[in-house]
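Working notes, structure below.
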Amino acid sequence: MSRIQIKLKEQDYKAIHEICHSFNNDPEELINVLHKAQGHFGYLPAEVQEAVAQELNIPVAKVYGVVTFYSFFTMSPKGQFPISICMGTACYVRGAENVLAEMKKELNINVGETTPDGKFSLSCLRCVGACGLAPVVMIGDKTFGRVAPEDVKKILAEF
């Protein structure tokens with residue numbers, strides 16, 4: 001997968017500076033800085049990571065290591081409606097893999113990708129804590145339980 005390159009504007013650098021400054025430019029606050037930066041930009045492209053590293057006076061490799069280690073962080077933009085399919089044991093056993101296959105087919109994207117119109121992005125989770133509703137699909141903050149492959153079109157139509 002090729003890296004998305006963006007050109008940061010002056011106001012982007014200013015926002016990163018303000019975010020880092022709000023945590024006293026403390027390298028120990030890296031996760032909090034990245035969380036706030038992702039909230040601002042929607043994702044953490046390499047250019048944002050480099051600017052954070054510079055502001056906190058730490059190696060870019062350390063920032064990249066944190067971003068890639070924690071599944072909460074993303075280096076590619078999410079869709080307007082991020083879709084997460086639970087692949088925990090209960091969901092998997094009850095057919096989450098088939099729901100995922102249908103979702104990929106309907107959206108014509110793979111896990112980790114966003115539709116060309118920016119409307120949907122697709123990811124998998126390990127567990128959402130709703131095992132009694134397995135298999136579970138989340139779209140944004142909305143949870144769908146006992147999802148079957150034939151439900152996918154109807155669910156997507158809601159968005």
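FYI, it's all coordinate maths here, none of it is from the lab. Please read all numbers here as calculations on a predicted model, not as lab measurements.
In table form, for the structure just shown:
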| read-out | value |
| --- | --- |
| Cα-based helix-to-principal-axis angle, 60-69 vs the chain, degrees rounded to 10 | 20 degrees |
| Label assignment, Cα extents along the principal axes in Å derived from the structure, set (i) 60, 34, 31; (ii) 50, 30, 25; (iii) 57, 40, 31 | (ii) |
| Length-normalised contact order of the chain in % [C-alpha pairs under 8 Å, at least 6 apart] | 19 percent |
| Segment Glu50-Asn32, extension gain: residue separation times 0.36 nm, minus the distance between their alpha carbons | 4.9 nm |
| Relative contact order (%) - criterion: Cα under 8 Å, at least six apart; region: region 81-157 | 41 percent |
| Region 10-69 - Rg (one decimal) and Dmax (whole number), Cα, Å | 9.9, 29 |
| Of Lys104/Lys153; Lys7/Lys78; Lys105/Lys154; Lys9/Lys62; Lys36/Lys119; Lys14/Lys119, those spanning more than 21 Å from alpha-carbon to alpha-carbon | Lys9/Lys62; Lys36/Lys119; Lys14/Lys119 |
| Dimensions in Å of region 81-157 - Rg and Dmax from alpha carbons | 11.1, 34 |
